[in-house]
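Here's the structure we're looking at; comments come further down.
The values are calculated or read from the model by the stated rules, or taken from the named source; none is laboratory data. Since the model is a prediction, treat every value here as computed from it, not as a measurement. Here the Cβ is made from the backbone with ideal geometry for all residues, glycine too, and neighbour counts use every protein chain on show. When the accessible area is computed, the model is the full protein with side chains, heavy atoms only, and any ligands, DNA or RNA have been set aside. Shrake-Rupley method; radii C 1.70, N 1.55, O 1.52, S 1.80 Å.
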Amino acid sequence: MRKIKYKNGRQLLPYNLEYTGIHKKTDSEMQLFIYDDATLLEYDDFKVSDLQKRINSQKNNWLNIHGLNNIELLKELGEHFKIDNFMLADILNTTRRTKTEEQQNILFFNIKSLLPTEGSDNISAEQISFLIKDGILISFQEKKSDFFMHIRERIRSHSGIVRTKKADYLMYVLLDAVMENFYITIENEEDKIEDLINFTKKSADPIILEKIEKHRDNFNFLKRSIIPLRDSLYEIKSIKDDNVFNVIETENFTFFARLHQKSLELLEQIESDMGSLESASNFFFSAQTHKMNEIMKTLTIVSAIFIPLTFIVGVYGMNFKYMPELEYEHGYYTIIGIMIFIGLLMIYYFKKRRWF
């Protein structure tokens with residue numbers, strides 16, 4: 001799991017734009033979809049200066065940017081769309097928490113996309129930002145990914161209602177796709193927890209505790225990512241009558257309410273899974289305690305058996321001159337027999353009392 005270095009992020013100033021993520025070798029690329037119910041145009045590999053003649057204000061426009069290393073490109077986009085430097089800084093600064101903001105008829109929304117890292121217990125994080133202005137949706141991704149592949153295919157094949165809706169509905173669909181990654185990540189964590197619980201029942205290896213703490217950290221990371229998302233979605237959902245988010249049509253607030261409900265479901269599931277982790281941790285310590293108790297019980301029984309035998313050996317090890325039993329011809333064998341008898345008698349007694 002990549003740790004977010006908030007200290008470095010806070011030192012950045014809005015007029016000094018700098019990408020703080022880890023995908024610093026990803027080239028910046030742009031992709032533009034222009035569509036309505038009847039037509040679709042798709043452009044790749046073009047310049048910001050081409051946007052003026054390609055964007056059609058009468059249709060839906062989706063501009064997607066992969067890679068945030070080209071600061072000059074983002075500055076050009078900021079000048080072209082009149083995006084405030086504070087918003088550009090929030091796009092580039094991946095340490096920021098999820099938030100929603102509206103300034104100068106621009107709706108800004110960023111979100112953390114989380115997915116399990118293949119072959120490890122880590123979680124990979126990518127910040128995705130959205131801007132809506134004048135009916136144009138601009139999305140910013142740190143790298144190329146398949147999050148929105150099925151949405152592109154829906155637009156190309158005219159599947160569903162996305163081509164009949166405007167940019168606010170498209171943002172809902174994109175946010176929904178990102179939130180699906182949370183479900184994938186949580187399901188992956190749940191599978192690992194189930195294996196861990198089964199392993200706990202068979203082994204007392206201390207590495208189990210390390211794994212439990214690792215998954216607990218993962219769930220806390222998920223929780224820290226979803227809580228601000230829940231708050232942002234609630235902000236959109238709860239002020240539909242205040243005319244604050246003018247770029248969202250009234251009929252589409254319902255879709256964002258659904259996303260808010262999903263965020264609540266995700267948090268509830270995380271709480272439940274953290275409870276399972278706590279149970280696994282308690283079971284591990286209980287198993288360790290039970291094992292230690294069994295060992296101590298065995299040692300105590302063995303010690304109890306040898307207490308009277310040690311007493312007898314101690315008595316006859318005093319070597320006083322006038323000890324009558326020392327002169328017995330079969331005294332040694334008699335004492336050994338008595339000791340064996342006492343030992344067997346005590347074992348029988350402990351067995352009968354079910355002490356072992």
Query raised in the report: Within region 72-85, is even one residue touching a Phe, Trp or Tyr at 6+ places or on another chain (Cβ under 7 Å) and either open to solvent by 20 Å² or more (accessible area, probe 1.4 Å) or modelled with pLDDT under 85 (or both)?
Result: yes
Query raised in the report: Given the structure, is ASP231 among the acidic types (Asp, Glu) and under 22 Å from HIS260 (Cα atoms)?
Result: yes
Report task. State which residue is modelled with the lowest pLDDT when the search covers only region 146-156 and only residues that are within 32 Å of the chain's Cα centre (by Cα) and surrounded by 12 or more Cβ atoms within 10 Å (Cβ to Cβ). Result -> PHE147
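Mind telling me which of the residues THR200, THR185 ends up being within 19 Å of ASN282 (Cβ to Cβ), touching a residue at least 40 places away in the same chain (Cβ under 8 Å) and among the polar types (S, T, N, Q)? Before you say what the answer is, go through the steps one by one.
Values: THR185 fails: within 19 Å of ASN282 (Cβ to Cβ).
Residue meeting the stated conditions: THR200.
Within region 242-252, can one find any residue that is open to solvent by 90 Å² or more (accessible area, probe 1.4 Å), among the acidic types (Asp, Glu) and either under 30 Å from ASN60 (Cα atoms) or touching a residue at least 60 places away in the same chain (Cβ under 8 Å) (or both)? Can you show your working first?
Initial filter on region 242-252 (open to solvent by 90 Å² or more (accessible area, probe 1.4 Å)): 242-243, 246, 250-251.
Filter once more, keeping what is among the acidic types (Asp, Glu): 242, 251.
Then keep just the ones that are either under 30 Å from ASN60 (Cα atoms) or touching a residue at least 60 places away in the same chain (Cβ under 8 Å) (or both); that gives 242, 251.
Checking region 242-252: at least one residue is open to solvent by 90 Å² or more (accessible area, probe 1.4 Å), among the acidic types (Asp, Glu) and either under 30 Å from ASN60 (Cα atoms) or touching a residue at least 60 places away in the same chain (Cβ under 8 Å) (or both).
Being open to solvent by 10 Å² or more (accessible area, probe 1.4 Å) and either closer than 19 Å to ILE55 by Cα or hydrophobic (A, V, I, L, M, F, W, C) (or both) is the filter here, so list the residues in region 88-124 that pass it.
Of the residues in region 88-124, the ones open to solvent by 10 Å² or more (accessible area, probe 1.4 Å) are 89-90, 95-97, 99-105, 112, 115-122, 124.
Within region 88-124, ALA89, ASN105, LEU115 meet the criteria.
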Query raised in the report: Failed condition for ALA287, given (1) aliphatic (A, V, I, L, M); (2) more than 26 Å from ILE123 (Cα to Cα); (3) open to solvent by less than 10 Å² (accessible area, probe 1.4 Å), with all others met?
Result: (3)
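Name the residue, out of LEU68, LEU74, that is in contact with a Ser or Thr (Cβ under 9 Å, 6 or more places away or on another chain) and assigned to a helix (DSSP H, G or I).
Numbers: LEU68 fails: assigned to a helix (DSSP H, G or I).
Matching residue, one of LEU68, LEU74: LEU74.
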Query raised in the report: What number of residues within region 190-219 are within 17 Å of GLY275 (Cβ to Cβ), among the polar types (S, T, N, Q) and either surrounded by fewer than 13 Cβ atoms within 10 Å (Cβ to Cβ) or modelled with pLDDT under 85 (or both)?
Result: 1
Query raised in the report: Name the residues in region 336-356 that are touching a Leu at 6+ places or on another chain (Cβ under 7 Å) and over 20 Å from VAL315 (Cβ atoms), would you?
Result: none
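Quick grid of which residues meet (1) farther than 30 Å from HIS215 by Cα; (2) in contact with a helix residue (DSSP H, G or I) (Cβ under 8 Å, 6 or more places away or on another chain); (3) not in a loop (DSSP other than H, G, I, E, B):
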| site | (1), (2), (3) |
| --- | --- |
| HIS80 | yes, yes, yes |
| THR95 | no, yes, no |
| LEU115 | no, yes, yes |
| ASP121 | no, yes, no |
| ILE128 | no, yes, yes |
Query raised in the report: Where residues in region 157-189 are in a helix (DSSP H, G or I) and open to solvent by 50 Å² or more (accessible area, probe 1.4 Å), which of them is farthest from SER120 (Cα to Cα)?
Result: THR164
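Yes or no, residue by residue, for (1) in contact with a His (Cβ under 7 Å, 6 or more places away or on another chain); (2) in contact (Cβ under 8 Å) with a residue 24 or more places away in the chain; (3) open to solvent by 50 Å² or more (accessible area, probe 1.4 Å):
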{"position": "LEU233", "(1), (2), (3)": "yes, yes, no"}
{"position": "LYS237", "(1), (2), (3)": "yes, no, yes"}
{"position": "THR254", "(1), (2), (3)": "no, no, yes"}
{"position": "LEU267", "(1), (2), (3)": "no, yes, no"}
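Evaluate the following for ILE342: is it part of a helix (DSSP H, G or I), of a type in the set (A, V, I, L, M, F, W, C) and open to solvent by 40 Å² or more (accessible area, probe 1.4 Å)? Talk me through it step by step, then tell me what you get.
On the way: part of a helix (DSSP H, G or I): yes; of a type in the set (A, V, I, L, M, F, W, C): yes; open to solvent by 40 Å² or more (accessible area, probe 1.4 Å): yes.
Spelling it out, ILE342 is indeed part of a helix (DSSP H, G or I), of a type in the set (A, V, I, L, M, F, W, C) and open to solvent by 40 Å² or more (accessible area, probe 1.4 Å).
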Query raised in the report: Would you pick out the residues in region 26-40 that are open to solvent by less than 40 Å² (accessible area, probe 1.4 Å) and assigned to a strand (DSSP E or B)?
Result: MET30, GLN31, LEU32, PHE33, ILE34, TYR35
Report summary line: Note: among GLU72, GLU101, GLU126, just one is of a type in the set (Asp, Glu), within 20 Å of HIS23 (Cβ to Cβ) and touching a strand residue (DSSP E or B) at 6+ places or on another chain (Cβ under 8 Å), namely GLU126
